[in-house]
Amino acid sequence: MSAKVWLVGAGPGDPELLTLKAVRAMGEAQVVLIDDLVNPAVLEHCPNARVIPVGKRGGCRSTPQAFIHRLMLRYARQGKCVVRLKGGDPCIFGRGGEEAEWLAERGIEVELVNGITAGLAGATQCGISLTQRGVARGVTLVTAHTLDGSSPEWHALAKTGTTLVVYMGVSSLQQVQAGLMEGGLPASTPVAMIENASLPQQRECRSDLGDMCTDAARFQLKSPAILVIGEVAAKAVTQVLSQIA
Ligand code: SAH
């Protein structure tokens, strides 16, 4: 493999959800820059690489994005094979697009490798079929946390007839709830909140739009979690009671 940067999705956590291509890239990597949402267990596929954590959580101060850019550039210019490993998919709320553009502008070859995004994995792990025929006519992946602090158009999203999969929503549950209800979604709309999807510590809390905030508080829902909002999230609703009690 010639010197380049691979922007690789490590999937939601379960190492078995890695793609073969991700495993190949990791196997050839000399340097791996790893985000903190990546399950360290996947690092068994890059035994010879220098692994550099550049995560933004775990009590540490964020690694500035500009610093990550420069690290990738430096190693690529040294002729090293660099893998930038991200949780889920690199281009779903993962800054993969920004990083790819930045590197390409500097003449670095970049290859993107899909990963399974947390929203899709979380739903599947709970048996939710996001676009169940006759129930949902599509699925919308949306973040509750935007760069400029503005809210998504919850009113408009309420009217799409699609299942809503909300990333980074744990600290904005009230805004999500209020926006969607004001937009016309009934309080009875099913909601599934899935924490640590695909990991051994995965937990799920089933609720509905009207009760999601109180249920999440009782459940002590923590990040990382995704919300699945829509009729498809009604499956196995009985689990709510047993898990919350
Ligand atoms: N690129 C990632 C998303 C990064 S944004 C992807 O495609 O999955 C970070 C958000 O992703 C978290 O706040 C949470 O909403 C979600 N997330 C990431 N991993 C998760 C997991 N294992 N379980 C539930 N949500 C997760």
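Observations on the structure shown:
- Here residue 4 sits with roughly 20 square angstrom of accessible surface, probe radius 1.4 Å.
- Angle in degrees between helix 65-77 and the longest Cα principal axis of the chain, rounded to the nearest 10: 40 degrees
- Maximal additional length on extending the residue 21-residue 218 stretch stands at 66.9 nm, based on 0.36 nm per residue less the C-alpha distance.
- Protein heavy-atom surface of the chain, 1.4 angstrom probe: 53% of the accessible area is carbon and sulfur, with nucleic acids and ligands not counted.
- The charge dipole of the chain, taken about its Cα centre with unit charges on the Cβ of Lys, Arg, Asp and Glu (plus for the first two, minus for the last two), comes to roughly 580 debye.
- In this structure the chain gives 48 Å² per residue of accessible area when probed at 1.4 Å with all protein chains present.
- Using a probe of 1.4 Å on the protein chains alone, the accessible area found for residue 28 is around 80 Å².
- Over 21 Å between alpha carbons, listed pairs 4/86; 21/80; 86/235: 86/235
- Paramagnetic reach from residue 147 in the range 101-120 [backbone N under 15 Å; point 7 Å along Cα→Cβ]: 101-103
- Cα gyration tensor shape of the range 118-239, rounded if a/c is under 1.5, else prolate or oblate by comparing a/b with b/c: rounded
- Global geometry of the range 4-113, whether rounded, prolate or oblate, following the gyration tensor of its Cα atoms and the 1.5 cut on a/c: rounded
- If the chain linking residue 52 and residue 67 were pulled fully straight, counting 0.36 nm for each residue of separation and taking away their Cα-Cα distance, it would gain 4.2 nm.
- Ranked from largest to smallest solvent-accessible area, with a 1.4 Å probe on the protein heavy atoms, 155, 45 come out as 155, 45.
- Rel. contact order, % - alpha carbon contacts under 8 angstrom, at least six apart, the range 1-116: 44 percent
- Ordering 88-95, 184-191 by mean Cβ neighbour count within 10 Å, with the highest value first, yields 88-95, 184-191.
- Largest GNM mean-square fluctuation among 194, 229, 108, using the chain with Cα springs under 10 Å: 108.
- The candidates 37, 18, arranged from most to least accessible area with a 1.4 Å probe in the full protein assembly, appear as 37, 18.
- Summarising the strand pairing of the chain, around 40 percent of its internal DSSP beta bridges are antiparallel.
The values are calculated or read from the model by the stated rules, or taken from the named source; none is laboratory data. Fair warning: this is a prediction, and the values are worked out from it, not measured in the lab. Backbone-built Cβ (ideal geometry, glycine too); neighbour counts: all protein chains shown. To get the accessible areas, we keep the full protein, side chains included, count just its heavy atoms, and leave off ligands, DNA and RNA. Shrake-Rupley method; radii C 1.70, N 1.55, O 1.52, S 1.80 Å.
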